[in-house]
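What follows is one structure encoded as C-alpha cells, with my remarks underneath.
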Amino acid sequence: AQSVTQPDIHITVSEGASLELRCNYSYGATPYLFWYVQSPGQGLQLLLKYFSGDTLVQGIKGFEAEFKRSQSSFNLRKPSVHWSDAAEYFCAVVPMDSSYKLIFGSGTRLLVRP
Amino acid sequence: NAGVTQTPKFRVLKTGQSMTLLCAQDMNHEYMYWYRQDPGMGLRLIHYSVGEGTTAKGEVPDGYNVSRLKKQNFLLGLESAAPSQTSVYFCASRQGSEGVGTEAFFGQGTRLTVV
C-alpha cells in the first residue's frame, strides 16, 4: 500500500547536538517530497522540498534533507539543534500518479534538552 | 498578505449540533484541503477540492460535508457533531500539481471540542 512512514514518534536531543529525523515512503514512482514543521499551537510551515535533481536539499532554519532512492527515504537533518527547534515535524508526499493529493506521515515530536 | 485564513479559531459544540468551518485563501490557488489532526495520527485528509465547484472525499470523510462555491473559499460542515470529531482542523491550499505549485500553505487551525 502507498504510505509515508515516520518511524520515530518522539526524539529527544541535547541542544547543540545533531539531529536526524527519518521518513520513508512507499510509492511506485518517486513522489514530490516535503518536510513541514509545526510549533505548538501553530499551523504548518514548509522547511524544504524535493522535486528532482540534487539529492541533498537545503531548507530554512539550517535544516537539510537527503533523498535516497535506493532506500525510499527522505531524512531530515540539522548539524546543531537549538532549543527553538522543539516542535513536531511532518514528512509529506505528493504522489506522481495522483498529484492532487498531499499525504502526511504521522509526525515526529522533537524535544530539546538544555 | 493573509495567505490561508480559518475561522473560527476555537469552538465548543454540544453533541448533535451543527457548524461550518470557513477557509479562505487569497493566493488564487486551485487546490484546497481539509485535514484533521489527532495525537499520534498526523494529519488525515477529510475532503479536498481541485477547483471551484469540485469536491472529493479523502481518507476520513464520514460525518463531514464540504462546498467550494467560490475559488477562494472552502467550507467544512459538520451536520450533527459527535465527540469523535473533537480535533484540530487545518485547511491548506496550493496552486497545482506540478513543480513549485505543489507547495502547500496552511491556516492556523481550528480547535473544535464536542461535548
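Listed values, structure above:
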item: Scope segment A:55-85; condition of a type outside the set (A, V, I, L, M, F, W, C), open to solvent by 20 Å² or more (accessible area, probe 1.4 Å) and in a strand (DSSP E or B); matching residues; result: A:58, A:64, A:66, A:68, A:75, A:77, A:78
item: Selection from segment A:86-109 of residues that are open to solvent by less than 30 Å² (accessible area, probe 1.4 Å), assigned to a loop (DSSP other than H, G, I, E, B) and under 15 Å from residue A:34 (Cβ atoms); result: A:95, A:99, A:102, A:105, A:107
item: Subset of segment B:20-32 that is assigned to a strand (DSSP E or B) and of a type in the set (S, T, N, Q) - its residue that is nearest to the chain's Cα centre (by Cα); result: B:20
item: Identity of the residue in segment A:31-42, outside any strand (DSSP E or B) and open to solvent by 10 Å² or more (accessible area, probe 1.4 Å), that ends up modelled with the highest pLDDT; result: A:39
item: Search result, residues across segment B:1-18 that are in contact with an Asp or Glu (Cβ under 9 Å, 6 or more places away or on another chain) and in contact (Cβ under 8 Å) with a residue 40 or more places away in the chain; result: B:3, B:4, B:5, B:18
item: Qualifying positions in segment B:54-65 - open to solvent by 30 Å² or more (accessible area, probe 1.4 Å), assigned to a loop (DSSP other than H, G, I, E, B) and without any contact (Cβ under 8 Å) to a residue 24 or more places away in the chain; result: B:54, B:55, B:59, B:62, B:63
item: Checklist (1) within 14 Å of chain B (Cβ to nearest Cβ); (2) under 25 Å from residue B:109 (Cβ atoms) applied to residue A:65, failing item; result: (1)
item: In segment B:5-19, the residues that are in a strand (DSSP E or B) and open to solvent by 80 Å² or more (accessible area, probe 1.4 Å); result: B:10, B:11, B:12
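Okay, residues lined up against (1) more than 29 Å from residue A:7 (Cα to Cα); (2) touching a residue at least 40 places away in the same chain (Cβ under 8 Å); (3) within 10 Å of another protein chain (Cβ to nearest Cβ):
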site: B:29; (1), (2), (3): yes, yes, no
site: B:32; (1), (2), (3): no, yes, no
site: B:42; (1), (2), (3): no, no, yes
site: B:52; (1), (2), (3): yes, no, no
site: B:67; (1), (2), (3): yes, no, no
site: B:81; (1), (2), (3): yes, yes, no
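The values are calculated or read from the model by the stated rules, or taken from the named source; none is laboratory data. Remember, predicted model here, so these are calculated numbers, not experimental data. FYI the Cβ positions are ideal-geometry reconstructions off the backbone, even for glycines, and counts take in every protein chain you see. Accessible surface is based on the protein model in full, side chains and every heavy atom, while ligands, DNA and RNA are left aside. Shrake-Rupley method; radii C 1.70, N 1.55, O 1.52, S 1.80 Å.
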